[in-house]
Ligand SMILES: CC(=O)SCCNC(=O)CCNC(=O)[C@H](O)C(C)(C)COP(=O)(O)OP(=O)(O)OC[C@H]1O[C@@H](n2cnc3c(N)ncnc32)[C@H](O)[C@@H]1OP(=O)(O)O
Ligand SMILES: O=C([O-])CC(=O)C(=O)O
């Protein structure tokens, strides 16, 4: 094997086919099951998009009613899980809480190891219904507050706000959140989805695959970037300080969070829609200073490096304006991406091959274990 055979980071390697989504680098476009994500964001709810991702078609009114009723009926989590979350260290990262909760749900599901579309669909829908409850309980315990029970009458996004803040904000805020959920739902063979597919390829169970995917998403080079963006903007402070901050970061060879992408090299297809949602949040909250900083930072960095923002750049400050704690941004990403992950898990299972690449050895030549090691 030569150096040129090695594809570090699997860059440019096509590993398998998928019918879930298509990311087209050349045209900066993204479709879920054939529908452009921008059109879905403009015309659909996250519930409809979740249905689409799992079923391949948008729901009829009757199908949507049945699907949302099922989601609403499964929102509550058992008391043992609530106690488990409340017992975790308050200063641990919320992604560890999410990962623990997913592993717990696997441990109490008698069908955890049952394979096949029907069993996996039931598990996927349960995770989709319960992850918001888990994230909300974790948010509230960090603020010293008791959990707010899920409703059965509010739509997905409004119910999440209710469980986190004990109130539902203005419609525009709920809609911005719903748009972010639609945009985060699916993105082909990204690192966390690929992790889920690798785990599934060993014929392990769906919960194990999702717990692994949560771990992969946590990293700041992937989903964790939405938190890192907000931390960075807060550190920069104001628009007039952006230039000097970037000078210093680049001099120290620091990666600028929320910029760059493995697939899109000329801009992320989802950014214009999420940027518009962020601007709506700026209007609702009167946060012109944050918008000025956001614009100045982007203009300066793109101007210097020609590296464009990814979805995490607008979503981080948008979630901040919605009132979420920075450390909860990536768990919110999980609430959305559970749809894409589980669709890929089912796709992998339906046409499985163990994922096991090769490596080129560059360590010590074979040698004998010395008898005297003193
Ligand atoms: C939802 C999501 O997961 S989107 C991704 C979220 N992640 C981030 O925002 C983290 C910041 N971005 C990055 O680290 C990268 O752009 C990645 C990891 C997303 C993609 O990386 P790759 O495709 O592996 O590109 P790679 O890291 O090799 O970068 C290529 C070149 O661009 C530079 N570059 C890429 N992104 C950035 C960045 N954000 N800041 C500074 N330089 C960058 C690299 O330093 C490298 O330069 P070099 O060739 O001079 O060494
Ligand atoms: O596709 C990727 O590499 C990362 C990404 O944007 C996502 O997972 O949404």
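The values are calculated or read from the model by the stated rules, or taken from the named source; none is laboratory data. A quick note: this is a predicted structure, and the numbers were derived from the prediction, not measured. Glycine gets a Cβ as well: all are built from the backbone with ideal geometry, and neighbour counts include every protein chain shown.
A few notes on this one:
- Residue in segment 237-258 that is within 17 Å of the chain's Cα centre (by Cα), within 12 Å of ligand 1 (Cβ to nearest atom) and closer than 24 Å to residue 183 by Cα present: yes
- Against the conditions (1) in contact with a helix residue (DSSP H, G or I) (Cβ under 8 Å, 6 or more places away or on another chain); (2) away from ligand 1 (no atom under 16 Å from the Cβ); (3) free of Cβ contacts under 8 Å to residues at least 12 places away in the same chain, residue 164 satisfies every one except (3).
- Any pair with Cβ under 9 angstrom, 6 or more apart, that starts in segment 215-235 at a residue that is surrounded by fewer than 20 Cβ atoms within 10 Å (Cβ to Cβ) and ends at one that is part of a helix (DSSP H, G or I) and modelled with pLDDT under 95: none
- Pairs meeting the criteria (first residue in segment 6-31 and closer than 17 Å to residue 349 by Cα, second residue exposed (fewer than 13 other Cβ atoms within 10 Å of the Cβ), beta carbons under 7 Å, at least 6 apart or on different chains) are lacking.
- Unmet requirement for residue 250, which otherwise passes all of (1) assigned to a helix (DSSP H, G or I); (2) in contact (Cβ under 8 Å) with a residue 40 or more places away in the chain; (3) within 13 Å of ligand 2 (Cβ to nearest atom): (3)
- Residue within segment 284-291 that is touching a residue at least 60 places away in the same chain (Cβ under 8 Å) and surrounded by 24 or more Cβ atoms within 10 Å (Cβ to Cβ) present: no
- When 141, 121 are checked against the criterion of being in the same structural domain as residue 209 (by TED's automatic domain parsing), touching a helix residue (DSSP H, G or I) at 6+ places or on another chain (Cβ under 7 Å), surrounded by fewer than 19 Cβ atoms within 10 Å (Cβ to Cβ) and more than 22 Å from residue 199 (Cβ to Cβ), 141 stands alone in meeting it.
- Breaking point among (1) at pLDDT 95 or above; (2) surrounded by fewer than 17 Cβ atoms within 10 Å (Cβ to Cβ); (3) under 26 Å from residue 25 (Cβ atoms), for residue 267: (1)
- Qualifying residue in segment 341-359 (condition: within 16 Å of ligand 1 (Cβ to nearest atom) and within 25 Å of the chain's Cα centre (by Cα)): yes
Each row is one residue, and each column tells you yes or no for (1) free of Cβ contacts under 8 Å to residues at least 40 places away in the same chain; (2) under 21 Å from residue 179 (Cβ atoms).
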position: 77; (1), (2): no, no
position: 87; (1), (2): yes, no
position: 94; (1), (2): no, no
position: 121; (1), (2): no, no
position: 129; (1), (2): no, yes
